Amino acid sequence: MHLKYESFVREPLITGDKTYAQVTEDICKPIEQKPSKLWYVGFVLSLLFLGFGVFSVFWEVYWGLGTWGINRTVGWGWDITNFVWWVGIGHAGTLISAILLLFRQGWRTGVNRAAEAMTIFAVMCAGQFPIFHMGRVWNAFYVLPLPNTRGPLWPNFNSALLWDVFAISTYFTVSLLFWYSGLVPDFATIRDRAKTKLRKRLYGLASFGWTGTAKNWQRFEALSLVLAGLSTPLVLSVHTIVSFDFATSVIPGWHATIFPPYFVAGAVFSGFAMVQTLLILVRKIYKMEDYITLGHIEAMNKVIVLTGSIVGVAYLTELFMAWYSQVHFEQEAFKYRVFGPYWWAYWAMMTCNVVSPQFFWFKKLRRNIVFTFILSIVVNIGMWFERFVIIVTTLANDFLPSSWTYYSPTWPELGFYLGTFGLFFTCFFLFSKYFPVIAIAEIKFTLKVSGDKYKRDMQRLDAMTTEEFLEEANHAH
Amino acid sequence: MMTERFTVPAKLKTTGFALLIIGLLTLIAGGITLLGSANEIDHSRFWVSLLHNSVFFLFICVASIFIQAAASLAQGGWILAYKRIPEAIGANVWIFGIIALAVLFAIVFGAADHNGHNPIYHWTHPGDDKILQGKSAFLNPGMFVGFSVVAVVLWSWFGIKFRQRSIAQETAPKNSTKIYWGVIALSGAFLFVYALTMMSTIPWFWIMSIDAHWFSTLFSWYVFASAFVSGISLILLWVIYLKGKNALKLVTKEHIHDLGKFMFAFSIFWTYLWFSQFMLIWYGNIPEETTYFKIRMQGPYSFFFYANIIINLVLPIFILMSRPSKRNYFTLVFIAFMIIFGHWIDFYMMINPSPMQENWFLNWFELGVPFFFVGILILAVSNTLSKASLITENHPLLKETLVHIS
């Protein structure tokens, strides 16, 4: 059956009567032009944040961990909160590129490139936190199980923290490969259009001599499928193992069997929110409204309401089980979460993560760009609070009331966090200038099925009876 | 207008009745010998087996409603070639719901040992057990009945409603999308109900409370995964059965392949949840949590404990990994039966160990009772299937399913 057909109930995913040539033209334009003033402003601002972050980290490494607000009771503060937050954000990219590829979701082609870039930058940001939390950062390589001259000093293979090292480094590698392999044909496109020698040379190198032969494409497709198959279990494993960092302990509030799936759902939730934040800006700045349509935004909002509700069920389950377990310490831990000194964090989490996404049950709001943009930021604030609640409020009231304490971050911790925003956006600005923000080759796969021009021609098929349609489908060659 | 009628083959009817009668005879024989026995463990054996089967078959049928809701919300066109099958299963949820409610209430209100304690749901008589007293605001007969009845009524209603709306689409104006969007809204409502019943409270009440002291936050999601993968296998068995009778002419290998993928993926998903629950409890090693696995893993049930993993993870992974096996009717039927049996064992492992302790049985009674449910399933679903066309004519996504490539 070789009939290109998509039902009339689905809205077109590429508008503006595009042809293949027009798609290439539109997506390559920002790369071939000088960046706008807005781009420079944003880029310099990101660099400033990054600079402040570097300074903050330098300060911490030079003077020691004592410059942070963490203490003997609250040993994990903003650092691990930020780590989990950034890793979680990374998940949406892989979900879009891998899982939605396996599910044959055409709309992913409009957003996957930027989402995958976001994944890579987010994981880069995340990685900084545990590394610099080590204090003596020059010993960071101790986490690697290398044959060494340190005698019997090996990492503890029973520790979830070590599994994290493996999970995240593997995840980063595979995500990078996936992203890059998708970029190869697009780099070749830019190379072929290049007007300057340097550009031709550099994009030529980056595209590995891609010529676009049938064999090239065949290998490309096979590789995509293999990498998608690898990434799918990987993306689940990463946040599962992050949840193990907490759940393998016996600390009330951390030791919960629901943690693995609920962390994964939460990660996808926050990741999609971040994709929304970025793409709403990208489509506006680069005028990509024809490729990142309201349909895309609505589809992602549906994922947000679904994952937000899963997270909501998990929060309520945890709260209920703390009472139901009749374990005194569990009950106390949750009492302190909800009504204790950090009550504001708990309620911020509940409001932002459980209540606010429920607005997306309404189609009008799912398709409202301003509302979506605001809500995507609200969700990310909420997901930051989730990690803060899990980490800090649990640790602050430990088993020994005499050691209870209240934790607040100091300026180097704050600076470190802002610095990762600097890193993230510096990378993202560079990406959006030098790389095609939409996968040129991949979006063309969907053009003849979902492009508005082609969808109009399908009205003939929609008008047919089922028998006529079946007849035509079986004889179309 | 394209229609396809299914008349129930006499052989299927006979098989259904035969299984029903075997099951019924087992139940009667069990009622006489086990309930009449002087040994109290025999009474428990009778009720536990009924509980196990009624809950299992209800849950795997409810999974058919869930898959319809999920496919509607995701606007999936792939399911339409055989959507009448989950619809027919979902529309019969009420039968299994009534049976389950009867069994559950009989146990909660009827079962008692010589001390007047409930041998299955200990929480009905907390006595001076501090933990059970503490839980009694939730674990009490009133709450149990309330949640159970509301859940079963809502599931049954949605099951029937989804099928009605789907059939109404056939006679709606051509390419009308009114019902289509209506069903999407209905699916959203169902998901909400499902989250508050199947994904949380109902497995706590019906299954987890059998180990009345034990708790696990993941438990209901785990039960869902087990029921869902079995539910998909059940749909697949019907699809292939009908295909074998030269019905379901719109279904191609592409559609069958999709179901194979689902069985593969959700077997892994089930394992993921199994592992999450088991590993965290094992690693934490807190007595009030490990008690659950103590008897299952190291006690008299250890054989089933490992069989559970082999049947539900190892076999599906290796058999369904390759593409050709997901397109081969024989392999799929074999693995679907394996998965349903495997998860039946999984439910056995959730329900049996606490009341039966080391006195476990998997004998004539335990193996005979499921036939009662299978018999009902065959008769009810085939009868429902014969009442409407097998083709979801005029569905806005139907044409997509005709050119579907898995």
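The values are calculated or read from the model by the stated rules, or taken from the named source; none is laboratory data. Predicted model, so just to flag it, every value in this text is computed and none were measured. Virtual Cβ from ideal backbone geometry, glycine too; neighbours counted across all protein chains shown. To get the accessible areas, we keep the full protein, side chains included, count just its heavy atoms, and leave off ligands, DNA and RNA. Shrake-Rupley method; radii C 1.70, N 1.55, O 1.52, S 1.80 Å.
Residue under question is A:SER356, and the condition is that it be away from chain B (no Cβ under 11 Å), assigned to a helix (DSSP H, G or I) and polar (S, T, N, Q); does it hold?
yes
Across segment A:459-476, which residue is most open to solvent (accessible area, probe 1.4 Å) among those that are of a type in the set (D, E, K, R) and facing chain B (nearest Cβ under 7 Å)?
Ranking the candidates gives A:GLU467 first.
State all residues of segment B:1-40 that are open to solvent by 30 Å² or more (accessible area, probe 1.4 Å) and among the aromatic types (Phe, Trp, Tyr); if no residue qualifies, say none.
Scanning segment B:1-40 gives a single hit, B:PHE17.
Please specify each residue of segment A:136-158 satisfying the condition of being in contact (Cβ under 8 Å) with a residue 12 or more places away in the chain and either among the small types (Gly, Ala, Ser) or outside any helix (DSSP H, G or I) (or both).
If the condition is that a residue be in contact (Cβ under 8 Å) with a residue 12 or more places away in the chain and either among the small types (Gly, Ala, Ser) or outside any helix (DSSP H, G or I) (or both), then A:LEU144, A:PRO145, A:PRO155, A:PHE157 are the ones that fit.
Just give me the residues in segment B:207-218 being open to solvent by less than 10 Å² (accessible area, probe 1.4 Å), out of contact with any His (no Cβ under 6 Å at 6 or more places or on another chain) and within 13 Å of chain A (Cβ to nearest Cβ), in sequence order.
Within segment B:207-218, B:MET208, B:SER209, B:TRP214, B:SER216, B:LEU218 meet the criteria.
Every residue, every condition in (1) within 12 Å of another protein chain (Cβ to nearest Cβ); (2) in a loop (DSSP other than H, G, I, E, B), yes or no:
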| position | (1), (2) |
| --- | --- |
| B:GLY159 | no, no |
| B:SER176 | yes, yes |
| B:LEU196 | yes, no |
| B:PHE205 | yes, no |
| B:SER220 | yes, no |
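Quick one: is B:THR271 among the polar types (S, T, N, Q), touching a residue at least 12 places away in the same chain (Cβ under 8 Å) and open to solvent by 40 Å² or more (accessible area, probe 1.4 Å)?
So B:THR271 does not fit the description; no.
Looking at segment A:203-248, which of its residues are of a type in the set (Gly, Ala, Ser), within 14 Å of chain B (Cβ to nearest Cβ) and open to solvent by 30 Å² or more (accessible area, probe 1.4 Å)?
Scanning segment A:203-248 gives A:ALA222, A:GLY229, A:SER237.
If B:ARG165 satisfies every condition in (1) within 11 Å of another protein chain (Cβ to nearest Cβ); (2) without any contact (Cβ under 8 Å) to a residue 60 or more places away in the chain but one, which is the exception?
Unmet for B:ARG165, out of (1) within 11 Å of another protein chain (Cβ to nearest Cβ); (2) without any contact (Cβ under 8 Å) to a residue 60 or more places away in the chain: (1).
For segment B:226-239, enumerate the residues that are more than 10 Å from the chain's Cα centre (by Cα) and surrounded by 20 or more Cβ atoms within 10 Å (Cβ to Cβ).
Within segment B:226-239, the subset more than 10 Å from the chain's Cα centre (by Cα) is B:233, B:235-239.
B:SER233, B:ILE235, B:LEU236, B:TRP238, B:VAL239, listed by residue number.
Keeping to segment A:16-42, report how many residues are within 26 Å of the chain's Cα centre (by Cα) and closer than 30 Å to B:ALA74 by Cβ.
Count: 3.
Can you name the residue in segment B:240-256 that is part of a helix (DSSP H, G or I) and open to solvent by less than 10 Å² (accessible area, probe 1.4 Å) and, of all such residues, is nearest to B:THR7 (Cα to Cα)? Quick ask: steps written out before the conclusion?
Of segment B:240-256, the ones part of a helix (DSSP H, G or I) are B:240-244, B:253-256.
Add one more test, that the residue is open to solvent by less than 10 Å² (accessible area, probe 1.4 Å), and what stays is B:242, B:255-256.
Values: B:LEU242: 11, B:HIS255: 23, B:ILE256: 22 Å.
If we take residues in segment B:240-256 being part of a helix (DSSP H, G or I) and open to solvent by less than 10 Å² (accessible area, probe 1.4 Å), then B:LEU242 is nearest to B:THR7 (Cα to Cα).
Answer yes or no: is there a residue in segment B:163-174 that is open to solvent by less than 50 Å² (accessible area, probe 1.4 Å) and closer than 30 Å to B:ALA111 by Cα.
no
Please give the number of the condition A:GLN326 fails out of (1) surrounded by 20 or more Cβ atoms within 10 Å (Cβ to Cβ); (2) within 21 Å of B:TRP204 (Cβ to Cβ).
(1) is the only condition that A:GLN326 fails.
Here are A:TRP78, A:TRP59, A:TRP86, A:TRP63: which of them is open to solvent by less than 20 Å² (accessible area, probe 1.4 Å), out of contact with any strand residue (DSSP E or B) (no Cβ under 7 Å at 6 or more places or on another chain) and away from chain B (no Cβ under 14 Å)?
Of A:TRP78, A:TRP59, A:TRP86, A:TRP63, the one residue that is open to solvent by less than 20 Å² (accessible area, probe 1.4 Å), out of contact with any strand residue (DSSP E or B) (no Cβ under 7 Å at 6 or more places or on another chain) and away from chain B (no Cβ under 14 Å) is A:TRP86.
Just for segment A:9-29: of the residues that are of a type in the set (A, V, I, L, M) and within 14 Å of another protein chain (Cβ to nearest Cβ), which one is surrounded by the fewest Cβ atoms within 10 Å (Cβ to Cβ)?
Among those that are of a type in the set (A, V, I, L, M) and within 14 Å of another protein chain (Cβ to nearest Cβ), it is A:VAL9.
Restricting the first residue to segment A:362-376 and requiring it to be in a loop (DSSP other than H, G, I, E, B), which pairs with a second residue that is of a type in the set (Gly, Ala, Ser) meet a Cβ separation below 9 Å and a spacing of at least six or different chains?
Going by the 9 Å Cβ cut-off, the qualifying pairs are A:ARG367/A:GLY295.
With the requirement that a residue be in contact (Cβ under 8 Å) with a residue 40 or more places away in the chain and open to solvent by less than 10 Å² (accessible area, probe 1.4 Å), what does segment B:189-203 give you?
Those that are in contact (Cβ under 8 Å) with a residue 40 or more places away in the chain and open to solvent by less than 10 Å² (accessible area, probe 1.4 Å): B:PHE190, B:TYR194, B:MET198, B:ILE202.
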